[in-house]
Structure formats: structure tokens, C-alpha cells
Amino acid sequence: MISADTTVDPSEVAKFEAMAAEWWDPAGKFKPLHMMNPVRLDYITSQIAAEFGRDLTGPRPFEGLRLLDIGCGGGLLSEPMARLGAEVVGADAAERNIPVAQIHAEQSGLEIDYRHTTAEALAEAGEQFDVVLNMEVVEHVSDPLAYLTACQQLLKPGGMMIASTINRNPKSFMVAIVGAERVMRWLPVGTHDWSKFITPAELEDLITRAGLRPVDAKGFVFNPVSWQWSISTRDLSVNYVTASLKPA
């Protein structure tokens, strides 16, 4: 049971619960995330390795790190983090996502602690992590500052949060709403609310006000010719990702 003291937006949760069974279908409703996952992982692993002095060529480079994947969905990021050696907690406010994630992890031979809970509940319980992955969640909550503050509380001193979201401008409306939902039909119409998108400047301000120090920002850019995603140091016009640290 999720507490009333939360930034969870029930209408947003309902959207993802309706699609829960399709998390691991690369041609299903989560096709955009499957396509983007390699560049998300490249960014996440490189940031963690650089901050914590880990060698990504080793067999389990994230051994000894405790990692929270908040808004874990079916486990598209939790599973590779577990394979890299991290102790992973995957949390999601959409209850139907959890058994999907648990069954897939068991089939993959991975031990991941999946929970139907929220960032606020975990923070209230005193949970602490070296890394919080906060990917494509902040644009779906009712109070971004309160939510990011809970994420900050979940970090150990010196810990890292990696957060991604979607910019708010005319281009993002055309790409993420018109293109992804209405033209390509990659996502059900209404999956995203353009008014809840957050600009990089706004997210940097929110992260800072939450008590974290922003240290990096990059764009995730889709090339319709090569049909691939890449990381950009300059183009944050639609999808983008940030890294921030909790003061030691």
C-alpha cells in the first residue's frame, strides 16, 4: 500500500500499469526505451565508473555499490546493473510492474530486490544508496521538487543521482508527442503530458534546490536515417540526462 504522503500521480501510474505486460517486448509499447537503452547504459556506466573509480573492463565493476532504480518498470536498467555487480533495489509505484520484473529477473538468474513502493517511502524508512537511477520519472510526478528531495535523501554522502527526462519546447512537442505517440505509434496517445516536461535549466535549479550538485548534462539524440540513438554534448533539445552528486 502506497502512503498518501507521496508525489505519485495516480493517473500517470495507471498509464504504465496498463502496459505492464509489454515491458520486455522490444516491438511493443516500450519499443522507444528498448531502442534508447544502449545509450542510457553507456551514459550511466561511464558516470558511475568515473565517480567511483571502477574499471568497466572487469567482470563485476560495480561490486560493493548499492543502487536504486526508481521507477524501474520491468527492469530494463535494473538487470544490467545487477549483472555489473551492483546490489540493486528496483522500486515502482505501478504495482503490476513488479511481478513482471521479478519473473524476468528469475528467468535471467539475477537477484534483484523489486518493491512496490515510492522514493518518499524509501527515504522515510532510512534507506541509503550509492547511486540513484531516476530515468524518465520526474516528468510523471505531481511535485518534482519534493520528489527530487526524496531522491537526495536516499543518497549516501558522496552518492550520485543520474536523472533523465524530456525538454519542454516546440521541438519536443513535435518529436515526443506528435511523432512518438501519433505518427510512429511508439507509445499510446496520452503517455506524456507536454506541460509536465522540464527544461534543462529548470531541472538544474530543482536538483540544486533539492540539495544536490549538478556535474554533467548530455542529450540523447535519435537519428531517423540510421534509426539509432547517440549521446550528444550539445543537443539537449528533446531527451536529455544529468548527473549530480550529494555533498560528501
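Roughly speaking, what is the stretch gain from Glu95 to Ser195, that is 0.36 nm per residue apart minus the C-alpha to C-alpha distance, in nm to one decimal? Walk me through the numbers before you get to the answer.
Numbers: separation 100, 0.36 × 100 = 36.00 nm, distance 2.58 nm.
Taking 0.36 nm per residue and subtracting the Cα distance, the gain is 33.4 nm.
Listed by chain and number, the lysines placed with their C-alpha closer than 19 angstrom to that of Lys31 are Lys15; residues fewer than eight positions away on the same chain are left out.
Sorting Met81, Met174 by accessible area puts them as Met174, Met81; the probe is 1.4 Å, largest comes first, and only protein heavy atoms count. The residue among Met81, Val8, Thr118 whose Cα reaches farthest toward the positive pole of the charge dipole of the chain, with charges on the beta-carbon of Lys, Arg, Asp and Glu, is Met81.
Among the protein heavy atoms, those of Tyr114 account for about 20 Å² of accessible surface (1.4 Å probe, every chain in place). Charge dipole of the stretch 10-246 (Cα centre as origin; +1 on each Lys and Arg Cβ, -1 on each Asp and Glu Cβ, all else neutral): 640 debye, rounded to the nearest 20.
Using heavy-atom solvent-accessible surface (probe 1.4 Å) with all chains present, what is the largest-first order of Val175, Val131? Working shown, then result.
On the way: Val175 70, Val131 0 Å².
Heavy-atom accessible area, descending, gives Val175, Val131.
Rounded, prolate or oblate, given the Cα gyration tensor of the chain, with a/c below 1.5 counting as rounded?
Numbers: a/c = 1.20, a/b = 1.17, b/c = 1.03.
Note, shape of the chain comes out rounded.
Report, ordered by chain and residue number, the aspartates and glutamates lying within cross-link reach of Lys156, taken as a straight Cα distance under 17 Å and ignoring same-chain residues fewer than 8 apart. List returned: Glu51, Glu63, Asp69, Glu87, Glu120, Glu124, Glu127, Asp130. Cα centroid separation, the stretch 72-95 to the stretch 32-57: 14 Å.
When the residues Arg234, Arg168, Arg60, Arg40 are ordered by accessible surface, computed with a 1.4 Å probe over the protein chains alone, the sequence from largest down reads Arg234, Arg60, Arg168, Arg40. Using the 1.4 Å probe convention, the accessible area of the chain works out to 44 Å² per residue with neighbouring protein chains retained. Give the carbon-plus-sulfur fraction of the accessible surface of the stretch 10-246 in %, rounded to a whole number; probe 1.4 Å, heavy atoms of protein chains only. Carbon and sulfur: 54 percent of the exposed surface of the stretch 10-246.
With K and R counted +1 and D and E -1, the other residues having a Cβ less than 9 Å from that of Ser142 yield a net charge of -3.
Only protein heavy atoms count here; on that basis, with a 1.4 Å probe, Trp227 has an accessible area of about 110 Å².
The values are calculated or read from the model by the stated rules, or taken from the named source; none is laboratory data. What you see is a predicted model; the values in this text were computed from it and never measured. Heads up, the Cβs are rebuilt from the backbone with ideal geometry, glycines too, and the neighbour counts pull from every protein chain shown. Each accessible area value is taken on the protein alone, full model and side chains, heavy atoms only, with ligands, DNA and RNA left out. Shrake-Rupley method; radii C 1.70, N 1.55, O 1.52, S 1.80 Å.
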